[in-house]
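Beneath this line is the structure, given in structure tokens, with notes to follow.
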Amino acid sequence: MWEIKVTNAMDHLLRLEDIRVHFYVRKMLFRSTPVRAVDGVTLRISKGITLALVGESGSGKTTLGRASLRLLKPTSGRCYFDDIDITDEPERRLKWLRRRAQAVFQDPYSSLDPFMNVYQTLEEPLIIHKIGNSSQKKEKVEKALEDVQMVPSSQFMPKYPHMLSGGQRQRLGVARALILEPDYILADEPVSMIDASSRVEILSLLRELQQRYGIAFLYITHDIATARYFSDQIGVMYLGKIVEMSTPEQIIQNPLHPYTKALIAAVPEPDPSNRFRERYTIPGDPPTPAHVPSGCPFHPRCPEFMKGTCDVVAPQLQEVRPGHFTSCHLYAGLDSRSQATDTTAP
Ligand code: SF4
């Protein structure tokens, strides 16, 4: 089994081993079809590291993120948090995880209770986890608001969500995740529903908090441009599998997989050096995970498709350059251990 390590130290905070999440959709009375939302992903994330998962809708990145928090139980595979196997743990025994691992979701409008003001929103997790007396709680709320630059905090505490801008609501969502001092945050499309000017501010804020507190992030996005800005490693997902993984520099400057090239080609920035734009514009939407194509799942859309190979044999993820993994027949037989130092993409 292959393994991707996202690490700057030996201590892995999160380990996902060969994770599969399959849903079953009933087609006829006694027959159901498996929807392979995540189909065999193994990765490890160390403390203080941000891994970005990039891909189109339906690629499985959100499902994988939810499995990492045990918000859903994988069909098979194992999840470890700080070397503790959490795969089969019942919810009542995961209270410690709910404190150490937090989430920031896409929609700041629906993730906040409209009847709770800012102070109550931030106090609630402290009450649930029985942390501090009332003055200690107030101190923590003030600090969390200062961390997300909602200052002066006394002005924000009595406000309700409808009195905040979209960017401020998302800052409040980040503060709520931070107040329990987590080791790991799942950030699922945290900036996709706020205006462009607030996006950069929120991403800068997350980066700063990550560096200040050494939090590990799993950053889920369809936008490879923001992944480049916010992550230490990028994993590209397609139909439930990771098809490429490396550092942001390697992924953006020397992508290997045709799907990654297509994602880069789709970035709406006028970049004359974007050499993938013409060739790697891919048609249509990805197939549904209920009907995964044979061989390489990307073959019906791939501009490099090789008949008789790509539609027959599923490529395996391999390390083509040191620290740069991809699953594509174009690189069959290439292995970082036998490669020369040439790092130019073909
Ligand atoms: Fe394209 Fe074939 Fe590579 Fe799949 S294996 S990405 S179809 S060239």
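Of all residues being surrounded by fewer than 16 Cβ atoms within 10 Å (Cβ to Cβ) and within 23 Å of G60 (Cα to Cα) in segment 268-286, which is modelled with the highest pLDDT? Just the residue, please.
Once the filter is applied, the top-ranked residue is D285.
Filter segment 47-83 down to the residues that are in a strand (DSSP E or B) and crowded, with 20+ Cβ neighbours inside 10 Å and list them by number. Walk me through how you get there before you give the answer.
Keep residues of segment 47-83 that are in a strand (DSSP E or B), which gives 50-54, 76-81.
Result: T50, L51, A52, L53, V54, C79, F81.
Of all the residues that make up segment 309-338, how many are free of Cβ contacts under 8 Å to residues at least 40 places away in the same chain, assigned to a loop (DSSP other than H, G, I, E, B) and within 11 Å of the ligand (Cβ to nearest atom)?
Total satisfying the criteria: 8.
Here is a yes/no grid of residues against (1) at pLDDT 90 or above; (2) out of contact with any strand residue (DSSP E or B) (no Cβ under 9 Å at 6 or more places or on another chain); (3) over 22 Å from R321 (Cα atoms):
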site	(1), (2), (3)
Y24	no, no, yes
T33	no, no, yes
R36	yes, no, yes
S46	yes, no, no
S59	yes, no, yes
T62	yes, no, yes
I84	yes, yes, yes
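Regarding K159, is this residue basic (K, R), at positive phi and assigned to a loop (DSSP other than H, G, I, E, B)?
Details: basic (K, R): yes; at positive phi: no; assigned to a loop (DSSP other than H, G, I, E, B): yes.
When the stated conditions are applied, K159 does not pass them.
Take segment 292-307 and flag every residue that is more than 8 Å from the ligand (Cβ to nearest atom) and farther than 14 Å from L239 by Cα.
Passing the criteria: only K307.
Do you know which residues across segment 158-197 are among the hydroxyl-bearing types (S, T, Y) and open to solvent by 10 Å² or more (accessible area, probe 1.4 Å)? Please lay out each step first, then the result.
Let us first name the residues in segment 158-197 that are among the hydroxyl-bearing types (S, T, Y), namely 160, 165, 184, 192, 197.
Y160, S165, S192, S197 - these are the residues of segment 158-197 that are among the hydroxyl-bearing types (S, T, Y) and open to solvent by 10 Å² or more (accessible area, probe 1.4 Å).
So, in segment 145-157, of the ones that are in contact (Cβ under 8 Å) with a residue 40 or more places away in the chain and open to solvent by less than 70 Å² (accessible area, probe 1.4 Å), which residue ends up nearest to the chain's Cα centre (by Cα)? Before the answer, list the steps.
The initial filter retains those residues of segment 145-157 that are in contact (Cβ under 8 Å) with a residue 40 or more places away in the chain, namely 147-149, 157.
Within this subset, residues satisfying the condition of being open to solvent by less than 70 Å² (accessible area, probe 1.4 Å) are 147-148, 157.
Details: D147: 23, V148: 21, M157: 30 Å.
Among them, the one singled out is V148.
The values are calculated or read from the model by the stated rules, or taken from the named source; none is laboratory data. Predicted, not measured: the structure shown is a model, and the values here were computed from it. Note that we place each Cβ from the backbone using ideal geometry, even for glycine, and neighbour counts take in every protein chain shown. Please note that ligands, DNA and RNA were not included when accessible areas were found on the heavy atoms of the full protein model with its side chains. Shrake-Rupley method; radii C 1.70, N 1.55, O 1.52, S 1.80 Å.
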